[in-house]
Amino acid sequence: MLLFALGFLLIILQPSTGQFPRVCANVQSLLSKECCPPWDGDGSPCGELSGRGSCQNILLSQAPLGPQFPFSGVDDREDWPSVFYNRTCRCEGNFMGFSCGECKFGFSGLNCTERQVKTRRNIFQLTASEKNKFLAYLNLAKNIPSQDYVIATGTYTQMNNGSNPMFRDINVYDLFVWMHYYASRDTLLGGSSVWRDIDFAHEAPGFLPWHRVFLLMWERQIQRITGDENFTIPYWDWRDAEDCEVCNDEYMGGRHPTNPDLLSPASIFSSWQVICTRSEEYNSQQALCSATSEGPIRRNPGNNDKSRTPRLPSSADVEFCLSLTQYESGPMDKMANYSFRNTLEGFADPQTAISNPAQSGLHNALHIYMNGSMSQVQGSANDPIFVLHHAFVDSIFEQWLRRHRPMLEVYPAANAPIGHNRENYMVPFIPLYRNGEFFKPSRELGYDYEYLQEPALQSFQDFLTPYLQQARQIWAWLVGAAVFGGIVTAVLTGIIRACRKKKGGTSSEIQPLLIESEDYNNIIYQSNF
């Protein structure tokens, strides 16, 4: 019944969030370099008549970049998205989207004024119904076309500088696979030459903010195509796992009975086709991935190169990583030492934080361990375990943000690898997001993790309870002290009055001292107390 209901949704599609807006993938938009579509609510560009936003020139960061990419003007992703568009919608307030038709992450409502925080949960804590619904949602996304977005099948030069658009349709799930590929692909230099030391989503400071945005967009897309506004991505807590606990037919697909590199026929994922996995072929043809099918998902967990990844990460590995105080360091790439980002990403040893690209720790360890589609960077998002894995990686990032409370200035403003400075726009997202905008606690972006939630005070009474309990424990003592103080005060008052009466008939020379000075000090102390 659930699958039937989800299939019915194919005819009531809602917009998606992602790469090239369909309304801007045309000759006019590319030649004018303007992507400011009208908002459906009032028909004006960027919803300007309703105060949602306006069409503005893109403001690009002028901060210097690191030395890793020694070229200029050879890659469409440089100064994203200026090769394709230099004017886009700039949204006001809590509005967001390529036409300012959506709410920012963490807001909802007609005017995007309602704050919301949703909880991502451990996949093993989901009920059978919740788990099955999640799997069905994944399969729906794989079979439903994106209504609002298309992908580029050629470079801007191959499009004859915009006069010959090269775009194609794609399903919702593969849209995100393609975006991950596009951000991490090699630079095509012409002939058979490529530049491999470039990645707009990995091996640099933007690794964690980029994947945070990726998951938020993916999560929102699932909410929209299913109508389930409460959907959140589950995570797989792989700390101390002895094997791939989600690699069975109940969850993400078990092992094929006769071919250990494939998934069990009993899994819905066994019929999925991968895209964007043949990077060497694209490079030799100087072409982009066109999102054509390239075979089934491959996965053989645990049969990986043990010299590179001997085991899955431990709780101790994660805790050591969280203890690192520097977000980024040195060259700010995979050679960075004592960098939280580089250690979590997996290029630095999780026990020393010293860079060692020959080994794969933490995040990278999971990819290598899966020994298949997940293990090749550009096509790794083909395996749906990718989503569970990166949700948990994001939760570790969130722990670090809460523990160290860094200022925005901790994120590098300059000299990071191309695309990774604080004010750089993330490739290939439209609408535009800057790296620094997601270097903040997840609750400000509308979500939290179940295992990171702190027990909230249920009411004002909960807040007062510990103080009331302490008061009860010392109540008798407080009453006794008050009574004793009252008695002492009464006695002193009586003595003083009696002395004043005697003073009227006795000379000052023979008037005895009422009390020794030492005793007087003691009485004053007791009275004050």
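The values are calculated or read from the model by the stated rules, or taken from the named source; none is laboratory data. Keep in mind the model is a prediction, meaning the values are calculated, not measured. Cβ sites come from the backbone with ideal geometry, for glycine too, and all protein chains shown count toward neighbours. Just so you know, the surface numbers come from the protein's heavy atoms only, side chains and all, with ligands and any DNA or RNA stripped out. Shrake-Rupley method; radii C 1.70, N 1.55, O 1.52, S 1.80 Å.
Some observations on this one:
- Gain in span if fully extended, residue 196 to residue 440, counting 0.36 nm per residue against the direct Cα distance: 84.8 nm
- Once the Cα gyration tensor of the stretch 71-123 is diagonalised, semi-axes √(5λ) in Å: 32, 18, 7
- The residues neighbouring residue 409, those whose beta-carbon lies less than 15 Å from its own, together hold a net charge of +1 under the Lys/Arg +1, Asp/Glu -1 convention.
- Cα gyration tensor, the stretch 226-275 - rounded (a/c under 1.5), prolate or oblate: oblate
- Using a probe of 1.4 angstrom and keeping all protein chains present, the accessible surface of the stretch 82-135 works out to 47 square angstrom per residue.
- Neighbour net charge for residue 266 - beta-carbon separation under 14 angstrom, K R +1, D E -1: -1
- Share of carbon and sulfur in the accessible heavy-atom surface of the stretch 158-316 [1.4 Å probe, %]: 43 percent
- Base-10 log of normalised Debye intensity for the stretch 188-284 (one unit scatterer per alpha-carbon) at q = 0.22 Å⁻¹: -1.18
- Potential extension, residue 128-residue 452 segment - 0.36 nm per residue separation minus Cα distance: 114.3 nm
- The stretch 131-239 shape via C-alpha gyration tensor axes, a/c threshold 1.5: oblate
- Spin-label proximity, residue 414 to the stretch 298-342 - amide N less than 20 Å from point 7 Å beyond Cα toward beta carbon: 327-333
- Contour minus Cα-Cα distance for residue 314 and residue 110 (0.36 nm per residue): 69.0 nm
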